[in-house]
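Just so it is clear, none of the values below were taken in a lab; they were calculated from the coordinates. Remember, it's a predicted structure, so these values are computed and weren't measured experimentally. In this analysis, Cβ positions are derived from the backbone assuming ideal geometry, glycine residues included, and neighbour counts consider all displayed protein chains.
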Amino acid sequence: MIKIIYTTIFYFVLTLGGRSQELHEDIKVIKKKYLYDLIGDGLSEQEKNNILEKALKHSQEIKPDGSWGDIDYKSKRIASWPATGHLFNLKRMAQGYHLTQTHKTLIRNKFLLGLRHWLSKDYQSKNWYNQRLRIPHILGLVSLLMHDSLTKEENLKIYNLIKKRSALGQRARVETGANLLMFTRNNILCGILGNSPKLIKRAVVSAMSVVKTTKEEGLQSDNTFHQHGPCLHITSYGSGFSYNVSKIIWLTNGTQFEVPKNKSKLLSDFILKGQRWFFRGINPDYMCEGRSIIRTKIGFSKNMNLIKASKFMAMADPSKKELFTDFAMSLEGDSKKEGKFQGNKMFWDSAMMVHRRKDFYISVKMLAYDMLSADMTNFESNKAHYLSDGAMCIMKSGDEYRNIFPLWQWRFIPGATVETGTPKLIWKTVRTFGVRHFVGGVTNSKNGVASMNFSRGSQDGKKSGYGYQRINKNKISISAKKSWFFFDDEIICLGSAIIGRSGKPVTTTINQCYLKGTPKSSKKTDKTQWVHHDGIGYFFHGKQKISMKAEKRSGSWFNISISGKKDKITGELFRLWIDHGNSPENESYAYSLLPNIKSDKMASYKSNIKILQNTKAVQAVESFDKKLIGIVFHKPGKISLTNKINLTSSEACILLLEMIDNKIMKIFLSRPHKLKEGKTILLKINDQTVTFDLSKKIDRSISKTIEYILK
């Protein structure tokens with residue numbers, strides 16, 4: 001509370017002197033904008049038609065007692081509580097009332113029947129989110145929309161319900177990050193209904209208190225988003241965060257409640273420099289969704305929060321209107337806008353690298369010591385254990401993984417090295433912290449290198465922080481050195497020092513996606529050199545035991561979420577993996593992803609890369625046509641490069657070298673995630689020493705251009 005009061009004084013000392021009449025006029029402005037978004041031009045014609053169609057359907061199907069026959073009002077389910085369907089029906093009817101002249105009376109009368117049913121029954125949920133956030137919010141919206149049709153007592157009852165249930169400071173543990181914003185959203189709505197400047201001011205200030213970079217839940221310094229502990233939620237809770245903050249910015253813009261410019265900039269950067277990176281058209285990177293991965297909404301509907309947020313920011317910040325508009329259009333399916341956005345970026349706070357090109361999207365997610373592998377809340381996403389174990393998202397069309405998850409074999413996550421013969425996955429161990437500190441990446445904004453010293457233990461770790469698992473380092477069952485070299489249109493994936501200690505089979509999955517067409521390959525033996533499927537080539541460097549399977553699979557959403565439907569669904573999947581055998585000892589792998597090659601070119605393909613080293617100490621690759629060298633020093637060491645260059649590093653680090661005409665070398669260097677020792681790294685190139693000071697950028701990419709004439 002002290003923090004909120006202090007912030008209030010800081011932000012609104014000038015506003016407090018404003019005249020009361022002006023503040024009440026500003027509330028009218030905010031209310032007008034709210035209605036614009038609900039029933040005005042903030043909706044497309046298609047959205048208006050859909051709302052009206054559903055409003056009429058609800059009006060026709062409502063029972064005489066004000067309930068609907070297809071809603072289970074007695075359910076005690078925690079997640080996806082069925083009774084909320086009643087509230088959503090009311091909201092659509094309240095909107096539909098304003099979108100028609102012909103059916104106004106019908107919708108109004110049936111709406112009042114449904115609202116009075118809810119108010120009289122006062123349905124209760126066991127989930128605090130429904131009780132304190134969702135119910136008050138939707139009731140507030142319908143009161144705003146239908147205020148003149150409700151009695152004074154009904155409006156007052158709703159106002160008091162919001163004020164009581166969504167009051168700030170009741171339960172500090174849940175009032176963080178995106179959750180706090182939903183509380184403030186309800187309080188702003190309550191302030192509009194009650195014409196209370198004080199309530200709106202306090203809500204805006206509280207909302208802005210979380211619009212900051214933090215090491216806790218919320219917005220991270222690399223423009224990612226964490227919720228439920230240090231767990232990546234950039235396109236789930238992060239989307240809600242962007243929607244709620246952007247709406248407050250837009251609603252208050254030009255009023256005495258206006259949000260400070262530095263807060264607007266933070267959100268702008270989060271959307272454009274963070275969230276925008278994690279989509280291929282309408283499709284989000286599945287590793288960024290947290291437990292929302294199991295929710296079946298797709299495309300436009302799933303992206304609605306971010307589409308709205310981008311449109312709010314385009315109106316609030318005209319200087320970036322084109323960027324926000326392009327992003328919104330891309331999320332709505334405009335492929336031309338999608339192709340404009342390219343590059344490579346390392347998100348250090350979330351241990352993830354994203355590589356974007358016009359024709360494809362590829363990312364890798366790693367497991368850092370201070371990050372959680374995945375989220376599992378309310379028994380949703382109960383098989384997501386390996387979504388940070390070097391998991392990859394490989395998209396061209398964007399449809400490769402859309403709603404695939406009930407069909408997946410969850411130990412065959414693309415990119416992950418996993419024990420496949422272990423017992424049944426246990427939901428209690430989904431949320432597991434990483435074991436090793438060596439996790440990170442380096443980038444020059446076009447290309448990059450990512451690496452992870454990977455370890456996992458048996459599923460009996462002790463709880464540590466947030467109530468999640470911390471694996472016992474003395475019970476490690478699998479370990480590997482895993483690195484990825486993102487060199488334009490070829491991504492080289494290396495694994496070394498793969499050790500299994502449990503006697504179980506160990507595999508590295510290359511991909512598991514929908515089957516499209518007939519996969520092609522060089523040979524169906526352990527000497528397979530290449531495979532091609534759905535526009536992507538897979539080229540194997542050296543002898544490896546490759547397995548490929550095209551199979552029909554079935555499953556249900558209920559299998560991965562207690563709130564999911566039990567209906568059986570089927571689909572055909574393509575699965576490609578490397579078999580390292582039982583209890584591998586110092587095994588390795590090396591393969592390239594070629595997302596821009598046609599199948600008829602695979603047989604004659606000659607790789608333009610050279611694997612310089614793939615050991616437990618060093619992993620390094622040179623691309624001759626791209627004039628790039630990527631090096632991962634897992635510990636201080638030395639490597640011999642081409643042209644008789646010997647390079648020595650004084651510390652563990654990750655390097656990207658640009659070779660230009662054999663005369664100039666540009667070096668990009670990064671420290672692995674959270675390694676503490678030393679603030680300086682010395683690179684010795686033959687007789688020349690280059691010093692990198694990392695005292696202020698421990699795990700960020702820093703670069704130096706040096707003149708080194710090759711002899």
Quick one: which residues, 5 or more positions from residue 612 or on another chain, have an amide H under 5 Å from its amide H? H modelled 1.01 Å from N in the peptide plane, none for Pro or chain starts.
620, 621, 622
Given charges at beta-carbon only (K, R positive; D, E negative), |dipole| of the chain in Debye
1180
Just rank 399, 122, 375, fewest to most, by other beta-carbon atoms within 10 angstrom.
122, 399, 375
Just list whichever of 358/527; 91/308; 32/263; 396/520; 91/311 have alpha carbons separated by over 25 Å in the model shown.
358/527
Given the stretch 558-604, report the % of alpha carbon pairs whose separation exceeds 12 Å.
81
Value in Å of the Kirkwood radius, where the stretch 556-647 supplies the Cα pairs that are averaged
17.9
What number, in nm² with one decimal, is the all-direction average of the projected area of the convex hull of the alpha-carbon atoms of the stretch 95-191?
6.7
Dividing the helical contributions, -39500 (n - 2.57) per DSSP H run of n ≥ 4, by the residues of the chain yields a 222 nm value, nearest 500 deg cm²/dmol, of -9000 deg cm²/dmol
HN-Hα J couplings of the stretch 216-226 from phi, Karplus 6.51/-1.76/1.60, θ = phi - 60°, integer Hz, Gly and Pro as x?
9, 5, x, 6, 8, 5, 9, 6, 10, 9, 10
Counting pairs of alpha carbon atoms under 8 Å apart in space and at least six apart in sequence, what relative contact order in percent does the chain give?
8
What list of ³J(HN,Hα) couplings, whole Hz, do you get for the stretch 687-693 from phi and the Karplus terms 6.51, -1.76, 1.60, once you set θ to phi - 60° and write x for glycine and proline?
9, 9, 10, 10, 9, 10, 8
Under Stokes-Einstein, with the Kirkwood radius over Cα pairs standing in for Rh, what whole-number D in µm²/s applies to the chain at 20 °C and 1.002 mPa s?
78
Arrange 484, 277 by Cβ neighbour counts within 10 Å, fewest through most, would you?
277, 484
Starting from the Kirkwood radius over alpha-carbon pairs of the stretch 349-608, derive D by Stokes-Einstein at 37 °C in a medium of 0.692 mPa s and give it in µm² s⁻¹.
175
Which of 380, 216 has the fewest other C-beta atoms within 10 Å, and how do the rest follow up to the most?
216, 380
How long is the stretch 211-341 along each principal axis, judged by its Cα atoms, biggest number first, in Å?
41, 36, 22
Give me log10 I(q)/I(0) at q = 0.25 Å⁻¹ for the stretch 307-400, Debye formula, one equal scatterer per alpha-carbon, no solvent.
-1.13
